[in-house]
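These notes are about the structure you will find just below.
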Amino acid sequence: MAVTETAQADLQATVTGLFARKRRVALAVPALILLYLVYIFFAFDLPGLANRARMDNAAILLSDFWSHKTHVTRDNRSGKVTVAIEGESKGTYPDGMLPSWVTQDGAVTRIDLGQGHSVVYEGGKAIYTDPAYGTITLEQGDRGIQITTPPGPLPPWISASDTRVDIKTDRGRLSMTRSKTETFYYEPGWELFFFTLDSPFYGKGPLELAAMAVSGPQVKPGVANVALMASEFWNNGMWHHKDVAWAIGETILMAFLGTVGGALIALPLAFLAASNMTPARAPRFAMRRIFDFVRGVDALIWTIVLARAFGPGPLTGALAILITDTGAFGKTFSEALENIDEKQVEGIRSTGANALQRARFGVIPQVTPVLLSQILYAFESNTRSATVIGAIVGGGIGLLLTQAIITQKDWEEVAYYMVLIVLMVIAMDTLSGWLRRRLIKGDAAGR
Amino acid sequence: MSDAAATSTPQSRDMKALEALYLTQVRQKRLYSGILLLLFVLLVATGFQTANARNAGGFLQGLPNILSFPTEVLSEAWANRANVPGLIVKFIPSLIETVNIAAVSTLIGALLAMVLALLSTRGLARWPRLTPLFRRLMDITRAIPEIVIALVLIFILGGGPVPAMIAIAMHTAGALGKLFSEAAENADLKPVEGLTSVGASWIQRMWLGIIPQVAPNWLSYALMRFEINIRASAILGFVGSGGIGYDLKIAMQWGAGKYDQVVAIFLILFLTIVVVDQISDRYRNRLVKGV
């Protein structure tokens, strides 16, 4: 009786102790995480981030994502007025062609910004009309730019100095310097996505285009309208659909060549690194250390080294992926080889097969599903890394993306590339998932 | 005896038919695999040709040069080898920043992934109708490469570690969320039922019924992600902001004369990756095998 009692007391003590320990852990882990986050909060200077953050940049970025602006620019030396989408030469309206909200009459240009806002260029003068505020007149004088506004102090959306005046409203923006007067007009949508201004199909609705494609006279004699439309779209000078398609292709190509090449090189080497295939210790050990080294050096460093030898382009990216993947595949393949069922190899051996035949008929059929599934997984994730590697080596969609971001103005192109990259990755995921299910029927893990 | 002889003839005929059938099937299979192999080889060959043609330098011209840059770097660093230990110490703060970026983003990403995974697992979801929504959300955050988010955020937030951290955390949330949800799908639902019967709320059911079951698996996945994120954080530094990657870029841009710095950075980056890989490998083995 006494014995069981002491045993019970012991048990109770152990259980209470365990509970107490568990409770301490349950409190300590969140506390440690919190402590670490506090340290990071100061180490990463998050309080200073608020000052550094450029919210105006965020506003530009967001508005560029879904809208575009058209510049109406008057050269104050020659008096010439040009209308250009995003201020690009490829988006410049040719002489005699103007958007509906701009009217020209001799030296007077009227720009209707909508909701009662308008800008008029009259010689060197520019007049902004705001229905709520009144009329603002800007004029080039001898002592810089003269600004005439309704009485009272200047509102915050006008900034004026002798050399530069800026008027920003929610309908648009007017700025004047000594050399030029410029108005920005914002419209929703991505401009000239299908056809540029010089294309015969510019400004036509989808129904009209369909009608032209099916029947209707040939716009360019000797070329079917559909073919002309396709080529006008493909060679669009603003959006470069052709180059973008090539870039996406290059990125996928890098991932494909890298994955396949890495797998082909890693497979024979993995036999050397598997303990049941290579009984000798020395080559096995050497092979494993080589794999570790290749994986440890990291894609970034391989990419840099290879870029020096092969120059920028998709081949360099493919080789960088190939080398990194050889290390990763070497490890996982040799693990798969070590997990095979030896009985099948025994059976093949009993028929007098040599090492190569044993590998071909006893080992490969067993590991094929596992290896294929690993290769497809790697292909999937390599499509993503190929974007980053492309940014470093200068190839594929990664290059286009970084270039578009570095110019800091074509955010609509950045949005376009982002959408394309996401679609590409999702498509590759779906494809590899489908292939895995088709090729590896009965993969019980079904991962 | 005669009985056996009478039955053996149809049997051997059956065998013959079977053999013929088997051989035709084998031939067919070989033909198909042959065609498949041919297509595959063709695809790889043309792919290589295209990549080679679009590269600035060709494969064969570049091959002899592959070692020239490493030799150049190493020989210069060898000449200045006395500097390397000092430089390694100099770059330790950047290395800590890179590791911190990886650690915080793994932590935040894993916490987000926990919530997303539980919300998108059949049988566990708080709002079963919304599971497809959370799944698509994970798909999208997984699909956007880190570099895209990082570069856009650098434009808004300026340089430094924060853009990289947010970018990696987002990707981690999507990638881990998928793995977490797969692990949670295999969890035993009996503890949840027990907790439901005593009137536990959803958070209590998850915290007490599911998390203890899946914790080893989840921790193992998170550790694996930490390894990946260290590499990602170094690469993001090279392309955009903070950490050791940025120092590497600066040293590389300088070119000859700073190769001792390049070697120092290579060395500590390599060592860090190998050490973290080893530790996490060992710990993961322990977690999964329950030793």
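The values are calculated or read from the model by the stated rules, or taken from the named source; none is laboratory data. Computed from a prediction, not measured in an experiment: that's the story for all the values here. Cβ atoms come from the backbone with ideal geometry, glycine included; neighbour counts cover every protein chain shown. Accessible surface is based on the protein model in full, side chains and every heavy atom, while ligands, DNA and RNA are left aside. Shrake-Rupley method; radii C 1.70, N 1.55, O 1.52, S 1.80 Å.
Pop the C-beta distance of A:A328 and A:R164 into the FRET formula with R0 = 60 Å and round what comes out to the nearest 0.05. Walk me through the numbers before you get to the answer.
Values: r = 57 Å, r/R0 = 0.94.
After rounding, the FRET efficiency stands at 0.60.
How large is the Rg to Rh ratio of segment B:68-169 when both quantities use alpha carbon positions and Rh follows Kirkwood? Could the numbers behind the result be given before it?
Values: Rg = 20.7 Å, Rh = 17.0 Å.
Computed over Cα atoms, the ratio is 1.22.
Annotation: amide H-H contacts under 5 Å for A:H68 (H modelled 1.01 Å from N, sequence separation of 5 or more, or interchain): A:E187, A:G189. Qualifying trypsin sites (Lys or Arg not before Pro) in segment B:96-147, where qualification requires a DSSP coil assignment and no more than 10 other C-beta atoms within 10 Å, comprise B:R122. Where Rh is the Kirkwood radius over the Cα pairs of segment B:99-149, the temperature 4 °C and the viscosity 1.567 mPa s, what D in µm²/s does Stokes-Einstein return? Translational D for this selection: 108 µm²/s. Computed from Cα positions, the angle between helix A:225-234 and the longest principal axis of chain A comes to roughly 80 degrees. Converting phi to 3J(HN,Hα) with the Karplus coefficients 6.51, -1.76 and 1.60 and the offset θ = phi - 60°, segment A:189-195 yields x, 8, 6, 6, 5, 8, 10 Hz in sequence order, with x at every glycine or proline. Debye-formula intensities of chain A, expressed as log10 I(q)/I(0) at q = 0.12, 0.13 Å⁻¹, are -1.14, -1.21 (one equal scatterer per alpha-carbon, no solvent). When all alpha carbon pairs of chain B are counted in 10 Å bins from zero, the resulting P(r) reads 6, 17, 19, 20, 15, 10, 7, 3, 2, 0 %.
Taking the C-alpha atoms only, the angle from helix A:55-66 to the longest principal axis of chain A is near 90 degrees.
With each label modelled as a point 7 angstrom along the Cα→C-beta vector, the A:I426-A:H241 pair spans 2.1 nm. The listed residues A:M55, B:M114, once ranked by accessible area (1.4 Å probe) with the largest placed first, stand as A:M55, B:M114.
Solvent-accessible area of B:T50, all protein chains in place: 50 Å² (probe radius 1.4 Å, heavy atoms, ligands and nucleic acids excluded).
Can you give me the % of accessible surface on the protein assembly as shown that is carbon or sulfur? Probe 1.4 Å, all protein chains present, nothing else counted.
Values: 25280 of 39240 Å².
The C+S portion of the solvent-accessible surface of the protein assembly as shown is 64 percent.
I want to verify a result. In a Gaussian network model of chain A, Cα cutoff 10 Å, which of these has the top mean-square fluctuation: A:F41, A:F256, A:F310? Checking each option, the largest mean-square fluctuation is seen for A:F41. Here the Karplus curve 6.51 cos²θ - 1.76 cosθ + 1.60, taken at θ = phi - 60°, turns the phi angles of segment A:298-305 into couplings of 5, 4, 4, 6, 4, 4, 5, 4 Hz, with x standing for Gly and Pro. When you count the other C-beta atoms within 10 angstrom of each residue and take the mean per peptide, B:261-267, A:314-320, B:243-249 line up highest first as A:314-320, B:243-249, B:261-267.
Can you list which of the chymotrypsin sites (Phe, Trp or Tyr not before Pro) found in segment A:268-299 are DSSP loop residues with at most 11 other C-beta atoms within 10 Å? Provide the component values of the computation, followed by the final result.
Details: sites: A:F271, A:F285, A:F291, A:F293; in loops: none.
Hits after loop and neighbour filter: nothing returned.
Summed over qualifying helices (DSSP H, 4 residues or more, each -39500 (n - 2.57)) and divided by its residue number, chain B shows a 222 nm mean residue ellipticity of -28500 deg cm²/dmol. Per residue of chain A, what 222 nm ellipticity follows from adding -39500 (n - 2.57) for every DSSP H run with n ≥ 4, rounded to the nearest 500? About -19500 deg cm²/dmol.
Residues A:R349, B:R13 ordered from highest to lowest accessible area at a 1.4 Å probe: B:R13, A:R349. For segment A:34-137, the C-alpha radius of gyration sits at 1.67 times the compact-globule guess of 2.2 N^0.38 Å, with N the residue count. Which shape class applies to segment B:205-271: rounded if a/c is under 1.5, otherwise prolate when a/b exceeds b/c and oblate if not, where a ≥ b ≥ c are the square roots of the Cα gyration tensor eigenvalues? In terms of gyration-tensor shape, prolate.
Once you have the Kirkwood Rh of segment A:2-49 from its Cα pairs, apply Stokes-Einstein at 20 °C and 1.002 mPa s and quote D in µm²/s. Provide the component values of the computation, followed by the final result.
On the way: Rh = 13.7 Å.
Result for D is 157 µm²/s.
Using the Kirkwood radius over C-alpha pairs as Rh, can you work out the diffusion coefficient of segment A:183-302 via Stokes-Einstein at 10 °C, viscosity 1.306 mPa s, in µm² per second?
Details: Rh = 19.8 Å.
For these conditions, the coefficient is 80 µm²/s.
Note on segment B:2-61: Cα Rg divided by 2.2 N^0.38 Å, N the number of residues, gives 2.40. Taking 0.36 nm per residue of separation and subtracting the current Cα-Cα distance, fully stretching the chain between B:S68 and B:Q253 would add 64.9 nm.
Can you give me the Kirkwood hydrodynamic radius for segment A:288-447, using every pair of distinct Cα atoms, in Å to one decimal?
Working: mean 1/r = 0.0548 Å⁻¹.
Taking the inverse mean of 1/r over all distinct Cα pairs, segment A:288-447 comes out at 18.2 Å.
My understanding is that a pair violates if its Cα-Cα distance is over 22 Å; which of A:K69/A:K180; B:K178/B:K249; B:K90/B:K249; A:K180/A:K409; A:K69/A:K90; A:K168/A:K204 do that in this structure? Correct reply: B:K178/B:K249; A:K168/A:K204. Could you list which residues have their amide H under 5 Å from that of B:A125, counting only those 5 or more apart in sequence or on another chain, with H placed in the peptide plane? Amide H neighbours of B:A125: none.
Rolling a 1.4 Å probe over the heavy atoms of the protein chains gives segment A:67-188 an accessible area of 52 Å² per residue. Per residue, the convex hull spanned by the Cα atoms of segment A:67-188 measures out at 109 cubic angstrom.
Starting from 0.36 nm per residue, how many nanometres of slack lie between A:V108 and A:A7 once their C-alpha separation is accounted for?
Going from the current span to full extension adds 26.0 nm.
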